[in-house]
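Trainee: Questions regarding the structure given below will be posed in turn.
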Amino acid sequence: MLAAARAGKSALLLAPTGGGKTLGGFLGSIAELAGSAGTGLHTLYVSPLRALTQDVHRNLLAPISEMGLAITAETRTGDTPQSKRRRQRMRPPDILLTTPESLALLLSYRDAAHMFATLRSVIIDELHALVPNRRGELLALGLARLGGLAPGLRRVGLSATVSCPGDMEAWLSGGGDVERIHVADTARPRISISTCGTRLPWSGHMGTHAAVEILDAIRAHRTTLVFVNTRAQAELLFQALWRINHETLEIGLHHGSLAVEQRRRVESALADGALRAVVATSTLDLGVDWAAVDLVVQVGAPKGVSRLLQRIGRSNHRLDRPSRAILVPSNRFEVLECEAAVQAVDRDQRDGDRPGPGGLDVLAQHLLGVACAGGVRPDDLYREVRTAAPYRTLSRSGFDRVLAFVETGGYALGVYDRFRRVVRDHAGCLAVASPAVARSYRLNVGTIVETPMLRVRMRRGRILGEIEEHFVQSLVPGDTFVFSGRLLRYEGLRDVTVVVSPGGGREPKVPAYAGGRLPLTTHLADGVRTLLEDRAAHAGMAAPVAEWLEAQSRVSVLPRRDRLLVEIFPRGDRFYLVAYCFEGRNAHQTLGMLLTRRMERAGLDPLGFVATDYVIAVWSLKPAGDVGSLLDRDMLGDDLEEWMAESSLLRRTFRTVAVIAGLIERRLPGQEKTGRQVTFSSDLIYDVLQRHEPDHVLLEATRTVAARGLTDIARLGDMLARAAGRIEVRRLDRVSPLAVPVLLEIGRERVAGSALESQLEEAAEDLVSSAMAPVR
Amino acid sequence: MTAFDFCGASLHADPSGALVWPDRRLMVVADLHLEKGAWYAARGIPLPPYDTGETLDRLEAAIARHRPDRLVCLGDSVHDGDAARRMTPEVVRRILGLARGRDWIWIAGNHDPEPDTLPGGRSLAELALAPLVFRHEAAAGPVSGEVSGHYHPRARIRLRGRTVSGRCFVLDRHRLILPAFGAYAGGLDVTADAFDPLLQVEFEILFPGPRRVYRFAGAAEPYPRRVGTTEISTDGRRLAQTVSTWWIELLRKSSNSESSSSSPSSSRTKACCFRM
């Protein structure tokens, strides 16, 4: 690291979580600053998490003061008071620790050129969490701008081990050379899988069956992080644990819907060692050091190898000791997935998203920010933007269209020329037309556009947190749901606040939170396929799983890697078609939409479908005949286009794109007023623009972003191409063992109360006995 | 088109959101909000400038379907007092063309209190045609046969498995409130508090579908009219007790804690819904 720093070379440091890599990134800077502190901003540190900047700040101050150096280091985030921010711009510290959004803000001030002129080094932490997404695009543009203001700037990227380090390198380089430094894992994590014997469920994702085992594990360790996949699951498991927690072990809850102060409180209790366990969603995936944590429990399938490692890395945050983790699969298929994940960890394999081309909406935001600071000509800006990896292939005409959007909206009907937001000054440089434009930019900076959230408040009481608006829309007064660790009754909507009272006697209707479920990665899906084929491995698995797979090969056949297994069987008065695609839930969801359309046309009277991460099941009144033509690749053509046009996907994406691009302002806290107000939804704008100017740059950006969000469609395409001519159709007289889990998913998506649970159990027994019965 | 009786008048609800009174050869539209896009553009938000054209397209189609002798625009026909000056010659020409040969009435609204600057018609504060009266905003107190706009009612209908939402007509035995007609006019859910003093407990909505208008009984149980009794199950109580000893205490500490560092207002940015 030091050698690269002395040579002034950019560097990418790949190290396992907890490798002390953050301080490593600062080595070069501290060495340089030791003799020359106090001459302006020297090093900028950017991390995706506010909490992480605070943490790193603390860890940085200690060695600086121990060495008796006069180096100043400060943080700057959304929490920094106004007066301090102003002072930081006038007299910056030697080292400034910040987030991508705060950096974008700093770059939008007129004195940015002055502030960053002395900058020698920029350090980006948790690079792997930024590069593949839209925050990474904004940061890449910010880095390009920094490169323009401080030529010769050294870039240091700190990342967990990733599957494609070349992507990181390209992102970081900005066209220059990057030295890659790879720190190998010295201690592999010790991972075990807990299958809870015969209680292993056939289906479901909640993992509450394992509450006893999880509580035992918590009891046997100092501090345990219990990771789950969705917020609904977090709430349910938290309740299940407390129901049997007779010793009152201190078990907390942490997820993105809880009020910020509540989350901070849990975090600091965790840091102080005051908690025995926290049930958490991905909100605790990244960053801060919890020294006391000595066990990580992952409930439900890990969905990806890198994600699993990130989570496991939360325990024993030290290089020399192995992390300890227990995986708790919540159903039989997940056992396979957990096994595949453990194998991948043992073989040092990783998965991850590849970054795509940068979004035009993010570029629009950046251009407006540059105009706020002023002093750049469009020609120079175009050259500079192309040094950012996501925009390397941006055409000049694409750039000009985005610039036209920023200036006047860029509409073909050029009626807004008199309402320019951005103008050219006498030197031909971009400038904002009024201070109001800059103010509005600064209020709306960032690429994280959350789904509309509503505050949840007790009747005559406190705010409990926030909940997705669309979930609230599914409630009627009197419905009960679990939130913030308590059973609540929905009373109604008061202005923009959800009013609740302590829970009633009915079964809770658990929030079906959006975005909680990540699809299975391609890599892990492949692992599951391989495992299914490997009969020798089955013997080593938990008895219920081995039995189940054995029965499948008796009743039907085990899916093979180079074939697509499709089973067709009658049940009740319906025919079921189950395809074992293993392409993840989102891809299967899309496949379900398209497949039912085609079956409709073929006169098969499809009635519904259900998708899991592993399979898709469609049921219809008539059995499918020619499966090969049903699953033909051409369904991704017209059928997909039609479906996209009808679905709300494009509208939702448009909202995000329009906010990022600065067409729609975010609704900021404190601005909501009374319920007398009329909401003006982005759908209205989308409809009008779609009808009158379908080629507008924002609609183009919307389609690109939507298509990227649907990486699953690419997966679907690959799968259908692979399957062509290799579909193995099995016509059975009854349900197969492997099909039982997906059939049990039918109708359980929304409600997960225990009465329903028992109904399902009854149904399951019927299904299971029919599936596992010996062949007549 | 859906026929219904209201205070002795036989009316039709058009899927576009227009109201037709065939006996009087009259059509009513509410809240056109013409030139709203340009109003935002002048404030640094360049919304697509096609809203006025789009609204006029829809109006033209509705007029072609019903060929009314009289057209009543129920107020808020333009978004602001400057709108008439902002209109392009093309827009003015289109309005004049639509108004030719019919009695065109601009009712005053809160966005356009003096609509006499608008082309093509005459302006009125309200219009009484027994048994109905047409005004922009529903009047306080008891009324009969009142047809108004202003509130931009919309509704959510729960169908099997999915929820659809959109603009709607809402009526009880005395009042009828029209949906907003304008392309950029948003909506207010009929369960919102604002409708409480206007509607009786029993009301109906007329919900425009793609081809016809559907009729639903109003779900007249919004908060706070109905507050259920609180019953706690054994399970719920037990949970509340065990958790409360420690967890609720922890959360409570946080709400009046000293940590002023994360003020809630600075912490999270919210969704992006325009408010008007």
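The values are calculated or read from the model by the stated rules, or taken from the named source; none is laboratory data. Remember, it's a predicted structure, so these values are computed and weren't measured experimentally. Backbone-built Cβ (ideal geometry, glycine too); neighbour counts: all protein chains shown.
Trainee: Of the conditions (1) more than 14 Å from every other protein chain (Cβ to nearest Cβ); (2) in contact (Cβ under 8 Å) with a residue 12 or more places away in the chain, A:ASP216 fails just one. Which one is it?
Mentor: (2)
Trainee: Just give me the residues in segment A:113-124 being out of contact with any Phe, Trp or Tyr (no Cβ under 7 Å at 6 or more places or on another chain) and not in a helix (DSSP H, G or I), in sequence order.
Mentor: Listed by number, the residues that qualify are A:ALA117, A:THR118, A:LEU119, A:ARG120, A:SER121, A:VAL122, A:ILE124.
Trainee: Another question, if that's okay. Out of A:ARG135, A:ARG110, A:ARG86, I need the residue that is under 18 Å from A:LEU52 (Cβ atoms) and either assigned to a helix (DSSP H, G or I) or more than 21 Å from the chain's Cα centre (by Cα) (or both). Which one? It would help to see each step written out before you state the result.
Mentor: On the way: A:ARG110 fails: under 18 Å from A:LEU52 (Cβ atoms); A:ARG86 fails: under 18 Å from A:LEU52 (Cβ atoms).
Answer to the selection: A:ARG135.
Trainee: Within segment B:41-66, track down each residue that is in contact (Cβ under 8 Å) with a residue 40 or more places away in the chain and more than 21 Å from the chain's Cα centre (by Cα).
Mentor: Selection gives B:ARG65, B:HIS66.
Trainee: A:LEU591: over 30 Å from A:VAL345 (Cα atoms) and not aromatic (Phe, Trp, Tyr), yes or no?
Mentor: Values: over 30 Å from A:VAL345 (Cα atoms): yes; not aromatic (Phe, Trp, Tyr): yes.
Judged against the criteria, A:LEU591 is a match.
Trainee: Condition first: under 21 Å from A:PRO132 (Cα atoms), touching a Leu at 6+ places or on another chain (Cβ under 8 Å) and in a loop (DSSP other than H, G, I, E, B). Now tell me which residues in segment A:150-190 satisfy that.
Mentor: A:ALA160, A:THR161, A:VAL162, A:GLY174
Trainee: Give the number of residues within segment A:519-554 that are under 19 Å from A:PRO741 (Cα atoms) and part of a loop (DSSP other than H, G, I, E, B).
Mentor: Going through segment A:519-554 one residue at a time, the tally reaches 4.
Trainee: Quick one: is A:GLY197 closer than 13 Å to A:ASN331 by Cβ, at pLDDT below 85 and touching a Pro at 6+ places or on another chain (Cβ under 9 Å)?
Mentor: no
Trainee: A:ARG145 fails exactly one of the following numbered conditions: (1) among the basic types (Lys, Arg); (2) within 14 Å of chain B (Cβ to nearest Cβ); (3) buried (at least 22 other Cβ atoms within 10 Å of the Cβ). What is the number of that condition?
Mentor: Only one criterion is unmet by A:ARG145, namely (2).
Trainee: Please state which of the following conditions B:ASP51 fails to meet, knowing it meets all the rest: (1) farther than 22 Å from B:CYS168 by Cβ; (2) within 14 Å of chain A (Cβ to nearest Cβ).
Mentor: (1)
Trainee: Has segment A:732-750 got at least one residue that is surrounded by fewer than 19 Cβ atoms within 10 Å (Cβ to Cβ), of a type in the set (A, V, I, L, M) and modelled with pLDDT of 85 or more?
Mentor: Yes: one or more hits.
Trainee: Right, something else. Among (1) away from chain A (no Cβ under 12 Å); (2) closer than 23 Å to B:LEU11 by Cα; (3) in contact (Cβ under 8 Å) with a residue 12 or more places away in the chain, there is one condition B:HIS152 misses while meeting the rest; what is its number?
Mentor: The failed condition is (1).
Trainee: Spot the failing condition for B:LEU32; the list is (1) more than 17 Å from B:GLY120 (Cβ to Cβ); (2) in a loop (DSSP other than H, G, I, E, B); (3) at pLDDT 95 or above, and only one is missed.
Mentor: (1)
Trainee: Counting only residues that are assigned to a loop (DSSP other than H, G, I, E, B) and of a type in the set (S, T, N, Q), how many does segment A:69-83 have? Can you show your working first?
Mentor: Here is the first cut: in segment A:69-83, the ones assigned to a loop (DSSP other than H, G, I, E, B) are A:69-72, A:77-81.
With the extra rule that they be of a type in the set (S, T, N, Q), the set shrinks to A:72, A:77, A:80.
Number of matching residues: 3.
Trainee: Here is a further query. Could you check A:LEU60 against (1) closer than 25 Å to A:ALA129 by Cβ; (2) part of a loop (DSSP other than H, G, I, E, B); (3) aliphatic (A, V, I, L, M) and say which number it fails?
Mentor: It is condition (2) that A:LEU60 fails.
Trainee: Report the residue count in segment A:555-582 for those that are within 17 Å of A:LEU336 (Cα to Cα) and either in contact with a strand residue (DSSP E or B) (Cβ under 9 Å, 6 or more places away or on another chain) or of a type in the set (Lys, Arg) (or both).
Mentor: Qualifying residue count for the region: 7.
Trainee: Here is a further query. Test of understanding: among A:ARG418, A:ARG383, A:ARG396, which residue is among the basic types (Lys, Arg) and modelled with pLDDT under 95?
Mentor: Every option except A:ARG418 fails the conditions.
Trainee: If we scan segment A:555-569, do we find a residue that is of a type in the set (Asp, Glu), in contact (Cβ under 8 Å) with a residue 12 or more places away in the chain, more than 25 Å from A:ALA344 (Cβ to Cβ) and not in a helix (DSSP H, G or I)?
Mentor: Yes - at least one qualifying residue is present in segment A:555-569.
Trainee: Give, as residue ranges, the helices (runs of 4 or more DSSP H) completely inside segment A:350-430 that count at least 1 residues that are surrounded by 23 or more Cβ atoms within 10 Å (Cβ to Cβ) and aromatic (Phe, Trp, Tyr).
Mentor: On the way: elements: A:360-373, A:378-385, A:396-408.
Because the criterion is at least 1 residues that are surrounded by 23 or more Cβ atoms within 10 Å (Cβ to Cβ) and aromatic (Phe, Trp, Tyr), the helices (runs of 4 or more DSSP H) in segment A:350-430 that meet it are A:396-408.
Trainee: Determine whether segment B:168-186 contains at least one residue that is within 16 Å of the chain's Cα centre (by Cα), crowded, with 21+ Cβ neighbours inside 10 Å and modelled with pLDDT under 85.
Mentor: Checking segment B:168-186: at least one residue is within 16 Å of the chain's Cα centre (by Cα), crowded, with 21+ Cβ neighbours inside 10 Å and modelled with pLDDT under 85.
Trainee: Without any contact (Cβ under 8 Å) to a residue 40 or more places away in the chain and within 14 Å of another protein chain (Cβ to nearest Cβ): does that describe B:ALA3? Give the steps one after another, and end with the answer.
Mentor: Details: without any contact (Cβ under 8 Å) to a residue 40 or more places away in the chain: yes; within 14 Å of another protein chain (Cβ to nearest Cβ): no.
In short, no.
Trainee: Considering only segment A:191-199, I want to know if a residue exists there that is in contact with a Gly (Cβ under 6 Å, 6 or more places away or on another chain), part of a loop (DSSP other than H, G, I, E, B) and in contact (Cβ under 8 Å) with a residue 40 or more places away in the chain.
Mentor: No.
Trainee: What are the pairs, 6+ residues apart or on separate chains, where a residue within segment B:27-40 that is under 16 Å from B:ALA62 (Cβ atoms) and more than 11 Å from chain A (Cβ to nearest Cβ) has its Cβ under 8 Å from a residue that is in a strand (DSSP E or B) and of a type in the set (Val, Ile, Thr)?
Mentor: B:MET27/B:VAL20; B:MET27/B:VAL72; B:VAL28/B:VAL20; B:VAL28/B:VAL72; B:VAL28/B:VAL147; B:VAL29/B:VAL72; B:LEU32/B:VAL78; B:LEU34/B:VAL78
Trainee: Counting residues that are facing chain B (nearest Cβ under 9 Å), which strands (runs of 3 or more DSSP E) fully inside segment A:223-312 reach at least 1?
Mentor: Correct list: A:251-254.
Trainee: In addition: Check A:LEU41 against each of (1) part of a helix (DSSP H, G or I); (2) surrounded by 17 or more Cβ atoms within 10 Å (Cβ to Cβ) and name the one condition it does not meet.
Mentor: If we test A:LEU41 against (1) part of a helix (DSSP H, G or I); (2) surrounded by 17 or more Cβ atoms within 10 Å (Cβ to Cβ), just (1) comes out false.
Trainee: Mind listing whichever residues of segment A:89-107 are in a loop (DSSP other than H, G, I, E, B) and within 32 Å of the chain's Cα centre (by Cα)?
Mentor: A:THR99
Trainee: If you don't mind, another one. Starting from residues that are more than 10 Å from A:ALA292 (Cβ to Cβ) and among the aliphatic types (A, V, I, L, M), keep the ones in segment A:266-282 and report whichever is surrounded by the fewest Cβ atoms within 10 Å (Cβ to Cβ).
Mentor: Per the criteria, the residue is A:ALA269.
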